[in-house]
Amino acid sequence: AGVDRLLVAMADEHYALRLHALRHADSHFDSEPALFERALEMVRAEADPNVLLQLAMSLGESSDPRAVAGLAEIAARHGGMRWMDSAVLSSLASKAGDFLALALAKHPTISASILERAAVTAARGGDLSPLAAAVEHPDESLRLRLLELIAKHGSGARDDLREAVDRA
């Protein structure tokens, strides 16, 4: 019954009910798949800034890889919203590399600020592989900053990444 009430509240017309339902539901995303599925639906349908910020933070509670895709979509569609970059980044933790790889491949409109901060998180965690896509990024300034991360954190970087750093 509790799950059913949360599902209804997550789809309510009033933003405050959706916001509070997300806060209560997110700790159950992994144990109650219907709640996580509803949150994924909200990624595409939600328009309220308060709910979007909570949604970005709530997705970080799930271990489902689709949460990273949802975060990338939120960042692409709403990255200019105040505090959204922090909300998305707070949800990444060990998933920063996955986020970066997906963002660079599928969401070229994500702000350079979010990409760079996700790259720093990934590099500090030892995950340099997603930074390989940085070699092809159209924003030269971002590309150089990401390549600097490889140079700084890349004691185990692949040879092709080291060569890209040297060429830059």
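Looking at the square roots a ≥ b ≥ c of the eigenvalues of the Cα gyration tensor of the chain, which shape do they give, rounded for a/c under 1.5, prolate if a/b is larger than b/c, or oblate? Don't jump to the answer; show the numbers that get you there.
Numbers: a/c = 3.22, a/b = 2.24, b/c = 1.44.
Note, shape of the chain comes out prolate.
List, in order, the whole-Hz ³J(HN,Hα) value for each residue of the stretch 87-95 obtained from phi through the Karplus relation with A = 6.51, B = -1.76, C = 1.60 and θ = phi - 60°; use x for Gly and Pro.
Once rounded to whole Hz, the list reads 5, 5, 5, 5, 8, 7, 6, 6, 9.
All other residues with a Cβ under 11 Å from the Cβ of Arg18 taken together, and with Lys, Arg as +1 and Asp, Glu as -1, what is their net charge?
Once positives and negatives cancel, what remains is -2.
Leaving out ligands, DNA and RNA, and with a 1.4 Å probe, what % of the accessible surface on the chain is carbon or sulfur? Write out the running numbers ahead of the final one.
Details: 4350 of 8620 Å².
Answer for the chain is 50 percent, counting heavy atoms of protein chains only.
Looking at the P(r) of the stretch 20-73, how many percent of alpha-carbon pairs lie beyond 16 Å? Walk me through the numbers on the way to the answer.
Values: 377 of 1431 pairs.
The calculated P(r) of the stretch 20-73 puts 26 percent of pairs beyond 16 Å.
To the nearest 20 debye, what is the magnitude of the charge dipole of the chain about its Cα centre, counting +1 on the Cβ of each Lys and Arg and -1 on the Cβ of each Asp and Glu?
In debye, rounded to 20, the chain gives about 320.
Find the relative contact order for the chain and round it to a whole percent, using C-alpha pairs within less than 8 Å whose residues are 6+ positions apart.
That works out to 14 percent.
List the GluC sites (Glu not before Pro) within the stretch 1-106 that DSSP assigns to loop and that have no more than 12 neighbouring Cβ atoms inside 10 Å.
For GluC sites (Glu not before Pro) across the stretch 1-106 that sit outside H, G, I, E and B with at most 12 neighbouring Cβ atoms in 10 Å, the list reads Glu13.
Please identify every one of the trypsin sites (Lys or Arg not before Pro) in the stretch 81-138 that sits in a loop by DSSP and has no more than 14 other beta carbons within 10 Å of its own beta carbon.
In loop regions of the stretch 81-138 (DSSP not H, G, I, E or B), the sparsely surrounded trypsin sites (Lys or Arg not before Pro) are Arg82.
Hey, can you find the accessible area per residue of the chain for me, probe 1.4 Å, expressed in square angstrom? Mind dumping the intermediate values first?
Working: 8620 Å² over 168 residues.
Spelled out: the 1.4 Å probe surface of the chain, per residue, equals 51 Å².
From the backbone phi of the stretch 61-72, what are the Karplus-calculated ³J(HN,Hα) couplings (6.51 cos²θ - 1.76 cosθ + 1.60, θ = phi - 60°) in whole Hz, Gly and Pro given as x?
With the stated coefficients, the stretch 61-72 comes to 7, 9, 8, 5, x, 5, 5, 5, 5, x, 5, 5 Hz.
If you take every residue apart from Ser111 with its C-beta less than 12 Å away from the C-beta of Ser111, what net charge results, scoring Lys and Arg +1 and Asp and Glu -1? Walk me through the intermediate numbers first.
Values: positive: Arg77, Arg117; negative: Asp85, Glu116, Asp139.
In short, -1.
Assuming R0 = 41 Å, what is the FRET efficiency of Ser113 and Asp4, from their Cβ-Cβ distance, to the nearest 0.05?
The pair Ser113/Asp4 has a calculated efficiency of 0.55.
The values are calculated or read from the model by the stated rules, or taken from the named source; none is laboratory data. Values in this document were obtained by computation on a predicted structure and should not be read as measured data. So basically every Cβ, Gly included, is an ideal-geometry build from the backbone, and we count neighbours across all protein chains shown. Accessible surface is based on the protein model in full, side chains and every heavy atom, while ligands, DNA and RNA are left aside. Shrake-Rupley method; radii C 1.70, N 1.55, O 1.52, S 1.80 Å.
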